[in-house]
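Below is one structure; the comments refer to it alone.
The values are calculated or read from the model by the stated rules, or taken from the named source; none is laboratory data. All of these numbers come straight from a predicted model, not from anything done at the bench. Here the Cβ positions follow ideal geometry from the backbone for every residue, glycine too, while neighbour counts run over all protein chains shown.
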Amino acid sequence: MLSRVGFPSVGKSTLLNLLTGTHSEAAAYEFTTLTTVPGCVVYNGAKIQMLDLPGIIEGAKDGKGRGRQVISVAKQCNLIFIVLDVNKPLTDKKVIEAELEGFGIRINKEPPNIVFKKKEKGGVNITSTVPLTHLDNDEIRAVMSEYRIVSADIAFRCDATIDDLIDVIEEKSRRYIPVIYALNKIDAITIEELDLLYRIPNSVPISSEKGWNVDELLAMMWDKLNLKRIYTKPKGQNPDYSSPVVLRSGACTVEDFVSSLATAVRARIF
């Protein structure tokens with residue numbers, strides 16, 4: 001199993017070096033990574049590909065600092081680590097989140113439970129199984145008109161907003177990706193400040209220089225990637241615990257298992 005994890009933030013090269021043994025340029029100043037640097041870490045039997053990406057700056061989604069290329073790579077990842085300096089975590093966090101969201105990446109969110117289907121004729125048909133407190137039919141029809149959609153069936157199964165509806169219409173340009181905030185340099189703060197950092201959701205305080213709390217970071221990575229280890233058992237023998245097949249929790253049927261084995265065999269042959 002090869003999952004891809006991206007680091008589209010500042011101050012993270014030392015972390016990649018620590019996790020994978022890969023050399024990514026690190027220094028005492030920001031934005032030392034100028035190109036994408038790949039690495040690989042093995043955790044719970046899974047090979048996790050990690051990409052150290054150039055830092056994201058304000059205006060990246062509009063192309064500033066090669067930002068569109070960087071975010072395009074991050075958009076293909078299964079998980080994003082945003083590495084933040086503990087001295088200014090919330091400031092950098094807001095900037096990076098805004099740039100990712102502006103490029104169509106939805107951070108730590110699930111797709112809206114809206115069923116949208118275009119049709120040839122019949123107008124816009126709107127149904128809802130829950131009360132809509134953020135939208136009314138006129139606003140929904142206005143959005144359809146904006147996208148020049150004259151006939152469609154729309155079924156709301158959640159209390160959606162206009163942004164949710166737009167995301168469903170533009171689903172091909174949207175990606176829902178889990179994010180972990182690695183709050184780096186905790187070796188330079190007090191215990192009281194550390195307690196405050198733990199209150200930030202989806203975050204792990206670490207020190208990449210000292211190697212502190214890396215195990216907790218990897219454990220959260222495993223949970224966010226939603227992976228499962230599957231062990232084979234030859235008939236009449238004990239299970240083979242040495243080489244698990246790693247699958248996603250939502251795709252771990254027998255068919256998925258066989259498909260994964262077939263892919264691994266083809267990779268070895270070619």
Requested in this report: Would you mind telling me which numbered condition in (1) crowded, with 20+ Cβ neighbours inside 10 Å; (2) within 26 Å of residue 219 (Cα to Cα) residue 109 fails?
Outcome: (1)
Query - Total residues in the range 200-219, condition in a helix (DSSP H, G or I) and surrounded by 13 or more Cβ atoms within 10 Å (Cβ to Cβ) - result: 4
Query raised in the report: Quick check: anything in the range 204-221 within 21 Å of the chain's Cα centre (by Cα), outside the structural domain of residue 180 (by TED's automatic domain parsing) and within 29 Å of residue 179 (Cα to Cα)?
Result: no
Report summary line: With criteria (1) at pLDDT 90 or above; (2) in contact with a Pro (Cβ under 7 Å, 6 or more places away or on another chain), residue 106 comes up short on (2)
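Filter the range 162-199 down to residues that are in a strand (DSSP E or B) and of a type in the set (Val, Ile, Thr) and give me whichever is farthest from residue 218 (Cα to Cα).
177
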Report summary line: With criteria (1) loosely packed, with under 13 Cβ neighbours inside 10 Å; (2) over 30 Å from residue 201 (Cα atoms); (3) within 30 Å of the chain's Cα centre (by Cα); (4) of a type in the set (Gly, Ala, Ser), residue 145 comes up short on (3)
Requested in this report: Look at the range 86-142 and say how many of its residues are of a type outside the set (Val, Ile, Thr), assigned to a helix (DSSP H, G or I) and within 23 Å of the chain's Cα centre (by Cα).
Outcome: 11
Report task. For the range 72-97, enumerate the residues that are more than 18 Å from residue 182 (Cβ to Cβ) and either touching a Lys or Arg at 6+ places or on another chain (Cβ under 8 Å) or not assigned by TED's automatic domain parsing to the domain that holds residue 15 (or both). Result -> 75, 76
Query raised in the report: Looking at (1) over 27 Å from residue 45 (Cβ atoms); (2) of a type in the set (Asp, Glu); (3) more than 21 Å from the chain's Cα centre (by Cα), can you tell me which one residue 240 breaks?
Result: (1)
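May I ask you to say which residue of 58, 101, 30 is modelled with pLDDT under 85, among the acidic types (Asp, Glu), surrounded by 13 or more Cβ atoms within 10 Å (Cβ to Cβ) and closer than 29 Å to residue 171 by Cα?
Matching residue, one of 58, 101, 30: 58.
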Requested in this report: Please find, among 81, 116, the residue that is aromatic (Phe, Trp, Tyr) and modelled with pLDDT of 95 or more.
Outcome: 116
